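A.B. asks: One structure, as structure tokens, below. Some questions next.
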Amino acid sequence: MCEHITIPTEAKDLKTLPLMLPIETAKQIPGCSDRYMRDMCEKKKVKAVKMGRVWRVNRDSLLEFCGLA
């Protein structure tokens, strides 16, 4: 089941996103693929946690990685 979260268009509004984002949402911020986002999680380039088969990406870590924090 995929969560549908709308990504704000203004960088300042990105802090209104949930603290932990599913890959489907997180990949929209840097504009990358599912595979690339999972690789970033596995290589610890962004803080993330794997729950079963599903990754959750830390919003603040992702924004910092993208230079939006």
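A.B. asks: Could you tell me whether segment 9-22 includes any residue that is of a type in the set (Val, Ile, Thr) and surrounded by 13 or more Cβ atoms within 10 Å (Cβ to Cβ)?
C.D. replies: Looking through segment 9-22, none of the residues is of a type in the set (Val, Ile, Thr) and surrounded by 13 or more Cβ atoms within 10 Å (Cβ to Cβ).
A.B. asks: State whether the residues of segment 37-44 include one that is at pLDDT 95 or above, assigned to a loop (DSSP other than H, G, I, E, B) and surrounded by fewer than 18 Cβ atoms within 10 Å (Cβ to Cβ).
C.D. replies: Yes.
A.B. asks: Considering only segment 48-69, state which residues are in a loop (DSSP other than H, G, I, E, B), over 18 Å from Ile5 (Cβ atoms) and touching a helix residue (DSSP H, G or I) at 6+ places or on another chain (Cβ under 8 Å).
C.D. replies: Within segment 48-69, just Ala69 meets the criteria.
A.B. asks: Taking the residues in segment 45-66 that are among the β-branched types (Val, Ile, Thr) and within 12 Å of Pro22 (Cβ to Cβ) as candidates, determine which candidate is least open to solvent (accessible area, probe 1.4 Å).
C.D. replies: For segment 45-66, the residue satisfying everything is Val57.
A.B. asks: Let me ask you something else. Restricting the first residue to segment 2-16 and requiring it to be closer than 17 Å to Gly31 by Cβ and modelled with pLDDT under 70, which pairs with a second residue that is surrounded by 13 or more Cβ atoms within 10 Å (Cβ to Cβ) and not basic (Lys, Arg) meet a Cβ separation below 8 Å and a spacing of at least six or different chains?
C.D. replies: Note: pairs meeting the criteria are Ala11/Leu68.
A.B. asks: Oh, and also: Of all residues being outside any loop (DSSP other than H, G, I, E, B) and β-branched (Val, Ile, Thr) in segment 13-36, which is farthest from the chain's Cα centre (by Cα)? Just the residue, please.
C.D. replies: Thr16
The values are calculated or read from the model by the stated rules, or taken from the named source; none is laboratory data. Just so we're clear, the structure is a prediction, and the values are computed from it rather than from any experiment. Heads up, the Cβs are rebuilt from the backbone with ideal geometry, glycines too, and the neighbour counts pull from every protein chain shown. Keep in mind that these areas ignore ligands, DNA and RNA; they rest on the heavy atoms of the full protein, side chains included. Shrake-Rupley method; radii C 1.70, N 1.55, O 1.52, S 1.80 Å.
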